[in-house]
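Notes follow once the structure below has been shown.
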Amino acid sequence: MSKGIFITGTDTDVGKTVVTAGLLYLFRLHKYNATYFKAALSGAIEKNGNLIPGDTSFVSKVAGLNENFKNVTPYVYKTAVSPHLAAHIENRPMDIEKVKEKYGYLKEKYDYVVAEGSGGIICPLIDNGDKLYHLEDLIKDLKMNVIVVAKAGLGTINHTVLTVKYIKNLGIKVKGLIINGYEDNLMCNDNIQMIKRLTKVPILGIIDKIPDIENTDNIRRIFKESVKIEDLLNCMDEI
């Protein structure tokens, strides 16, 4: 039976992809058979007539994952907007059954799945007019619990506490927090202490602000120093 965790964030651009890449790298560094999964990606890069899912390519490079992009990211859109809107613009709606099919394939092939969401927890994935299918619905359908990525800086207390409370109210377990973009100053340090007190959720790692995210060796080094593989393994539940 495979185990997995879903990485979501307090907002867009909090560093979910960098964190996911670093976490997956740690699993694979310690010889765990682990893969990445992202159901839908928008804002893909067009190269030689093909759409390249940038997040998927980045995570695979950092973690040393060699899996067909179509298996780990079944829906790729060029338009850099929420997946539901990109699907409408490009006339290619998501089929959740196809997502589950690819997810099932990965569960058969790998022992651990680290999934990443699009945007925040309420990001719409499918808009059928009278019904919306959000990221939270996908997490439930995949039977996963979550790690929340939060910024270290200004505004993070409100965003993080609201996100954690909302997820808990959905009946989804928040297994831990990753604080990203940390700088050693009074504000960041106080933010972290406040988040601990208000959420009662363990902080699995505090990731320093990374000046050059294209430097894969730098990302690997920071995550080796900042996150314990034992804590990650404790977050993984059967899926």
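The values are calculated or read from the model by the stated rules, or taken from the named source; none is laboratory data. None of the values given here were measured: they were computed from a predicted structure. Using ideal geometry, Cβ is built from the backbone for each residue, glycine included, and neighbour counts are taken over all protein chains shown. The protein model used for the area step is the full one, side chains on, heavy atoms only, and it has no ligands, DNA or RNA in it. Shrake-Rupley method; radii C 1.70, N 1.55, O 1.52, S 1.80 Å.
Given N residues in the range 165-239, what is its alpha carbon radius of gyration divided by 2.2 N^0.38 Å? Display every interim value, and only then the final one.
On the way: Rg = 14.2 Å, N = 75, 2.2 N^0.38 = 11.3 Å.
Working it through for the range 165-239, the quotient is 1.25.
Would you please state the base-10 log of I(q)/I(0) at q = 0.11, 0.22 1/Å for the range 104-223, with intensities from the Debye formula using one equal scatterer on every alpha carbon?
-0.46, -1.28
Kirkwood hydrodynamic radius, computed over distinct alpha-carbon pairs, for the chain: how many Å, to one decimal?
Details: mean 1/r = 0.0558 Å⁻¹.
The answer is 17.9 Å.
Accessible area per residue for the chain in Å², computed with a 1.4 Å probe and the full protein assembly in place, what is it? Please report the intermediate quantities before stating the final value.
Details: 11540 Å² over 239 residues.
With the other protein chains kept in place, the chain gives 48 Å² per residue.
Between the range 151-215 and the range 20-81, how many Å separate their Cα centres?
Each part reduced to its Cα centre gives a spacing of 24 Å.
Using only alpha carbon pairs under 8 Å that are at least six residues apart, calculate the relative contact order of the chain and give it in whole percent. Provide the component values of the computation, followed by the final result.
Values: 454 pairs, mean separation 62.7, N = 239.
Contact order relative to length: 26 percent.
Using the Karplus equation 6.51 cos²θ - 1.76 cosθ + 1.60 (θ = phi - 60°), what ³J(HN,Hα) coupling, rounded to whole Hz, does each residue of the range 91-106 give in order, writing x for Gly and Pro?
6, 9, x, 6, 10, 5, 5, 5, 4, 5, 5, 5, 4, x, 4, 5
Using only alpha carbon pairs under 8 Å that are at least six residues apart, calculate the relative contact order of the range 1-127 and give it in whole percent.
Numbers: 228 pairs, mean separation 51.8, N = 127.
Computed over the range 1-127, the figure is 41 percent.
According to a simple spin-label model (label point 7 Å from Cα along Cα-to-Cβ), what is the distance in nm between R221 and K78?
Between K78 and R221, the label points sit 3.9 nm apart.
Please find the FRET efficiency linking L132 to D190, where r is the Cβ-Cβ separation and R0 is fixed at 45 Å, and quote it to the nearest 0.05. Provide the component values of the computation, followed by the final result.
Working: r = 37 Å, r/R0 = 0.82.
Given R0 = 45 Å and the Cβ-Cβ separation, E is 0.75.
When the accessible area of the range 152-193 is computed with all protein chains present and a 1.4 Å probe, what percentage of it is carbon and sulfur?
Details: 1190 of 2170 Å².
Ligands and nucleic acids excluded, carbon and sulfur reach 55 percent.
Once all Cα-Cα distances of the range 51-145 are split into 5 Å bins that start at 0, what whole-number percent is in each one?
2, 11, 23, 26, 21, 12, 3, 1, 0
Would you list D11, D137 from the most to the least accessible area, probe 1.4 Å? Could the numbers behind the result be given before it?
Details: D11 75, D137 45 Å².
Result, largest first: D11, D137.
Compute the acute angle (0 to 90°) between the alpha-carbon long axis of helix 16-29 and the principal axis of greatest extent of the alpha-carbon atoms of the chain; round to the nearest 10°.
Here the helix axis deviates by roughly 80 degrees.
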